[in-house]
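What follows is a single structure, written as structure tokens, with notes after it.
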Amino acid sequence: MAWISLILAGVFEMLGVAMINKFHKDRNLKSLGLLVIGFGASFVCLSYAMETLPMGTAYAIWTGIGASGGAVLGMLLYGESKDWKRLVFIAMVLGAAIGLKLVS
């Protein structure tokens with residue numbers, strides 16, 4: 001259950017990051033509300049996951065999901081660069097998070 005919570009924490013982190021950009025562009029209460037909900041749910045899920053998982057592993061995976069997911073959402077939703085070099089580095093972030101799980 002801790003791993004499911006950690007993955008959900010990463011997904012909510014992605015929502016929060018996407019809503020930062022949306023709120024910056026639109027400045028409406030809906031975007032602000034979703035931003036607060038996304039980050040709040042992310043921290044709650046991360047906290048639950050860290051009751052079982054080691055802090056270093058949980059934090060690294062949460063950060064990797066959030067950072068990589070945020071970059072991918074930027075490409076899909078906001079027209080950010082889809083250059084192959086950027087995709088390689090996103091894959092490296094995810095690979096490092098998976099590697100941490102394998103060695104912990």
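Run down ALA9, ALA49 and say which single residue is touching a residue at least 12 places away in the same chain (Cβ under 8 Å) and touching a Cys at 6+ places or on another chain (Cβ under 7 Å).
Values: ALA49 fails: touching a Cys at 6+ places or on another chain (Cβ under 7 Å).
The unique qualifying residue is ALA9.
Can you name every residue in the range 32-61 that is modelled with pLDDT under 95 and assigned to a helix (DSSP H, G or I)?
MET55, GLY56, THR57, ALA58, TYR59, ALA60, ILE61
Spot the failing condition for LEU15; the list is (1) assigned to a helix (DSSP H, G or I); (2) touching a residue at least 40 places away in the same chain (Cβ under 8 Å), and only one is missed.
(2)
Does ILE65 qualify as being touching a helix residue (DSSP H, G or I) at 6+ places or on another chain (Cβ under 6 Å) and part of a helix (DSSP H, G or I)? Walk me through it before giving the result.
On the way: touching a helix residue (DSSP H, G or I) at 6+ places or on another chain (Cβ under 6 Å): yes; part of a helix (DSSP H, G or I): yes.
For ILE65, the condition - touching a helix residue (DSSP H, G or I) at 6+ places or on another chain (Cβ under 6 Å) and part of a helix (DSSP H, G or I) - is met.
For the structure I just gave you, tell me whether LEU73 is at pLDDT below 95, surrounded by fewer than 17 Cβ atoms within 10 Å (Cβ to Cβ), over 15 Å from the mean Cα position of the chain (by Cα) and under 28 Å from ALA2 (Cβ atoms). Quick ask: steps written out before the conclusion?
Working: at pLDDT below 95: yes; surrounded by fewer than 17 Cβ atoms within 10 Å (Cβ to Cβ): yes; over 15 Å from the mean Cα position of the chain (by Cα): no; under 28 Å from ALA2 (Cβ atoms): yes.
Spelling it out, it is not the case that LEU73 is at pLDDT below 95, surrounded by fewer than 17 Cβ atoms within 10 Å (Cβ to Cβ), over 15 Å from the mean Cα position of the chain (by Cα) and under 28 Å from ALA2 (Cβ atoms).
Any idea which of (1) assigned to a helix (DSSP H, G or I); (2) loosely packed, with under 12 Cβ neighbours inside 10 Å; (3) modelled with pLDDT under 95 is the one ILE4 doesn't satisfy?
Going through the list (1) assigned to a helix (DSSP H, G or I); (2) loosely packed, with under 12 Cβ neighbours inside 10 Å; (3) modelled with pLDDT under 95, ILE4 breaks only (3).
Go over the candidates THR57, THR52 one by one and state the one that is in contact with a helix residue (DSSP H, G or I) (Cβ under 7 Å, 6 or more places away or on another chain), exposed (fewer than 14 other Cβ atoms within 10 Å of the Cβ) and closer than 19 Å to ILE4 by Cβ. Don't jump to the end; show me each part of the working.
Details: THR57 fails: exposed (fewer than 14 other Cβ atoms within 10 Å of the Cβ).
From the options THR57, THR52, the qualifying one is THR52.
Quick one: which residue in SER68, SER42, SER31 is touching a Lys or Arg at 6+ places or on another chain (Cβ under 7 Å), crowded, with 17+ Cβ neighbours inside 10 Å and free of Cβ contacts under 8 Å to residues at least 40 places away in the same chain? Write out each step before concluding.
Values: SER68 fails: touching a Lys or Arg at 6+ places or on another chain (Cβ under 7 Å); SER42 fails: touching a Lys or Arg at 6+ places or on another chain (Cβ under 7 Å).
Residue meeting the stated conditions: SER31.
The values are calculated or read from the model by the stated rules, or taken from the named source; none is laboratory data. Remember, predicted model here, so these are calculated numbers, not experimental data. Virtual Cβ from ideal backbone geometry, glycine too; neighbours counted across all protein chains shown.
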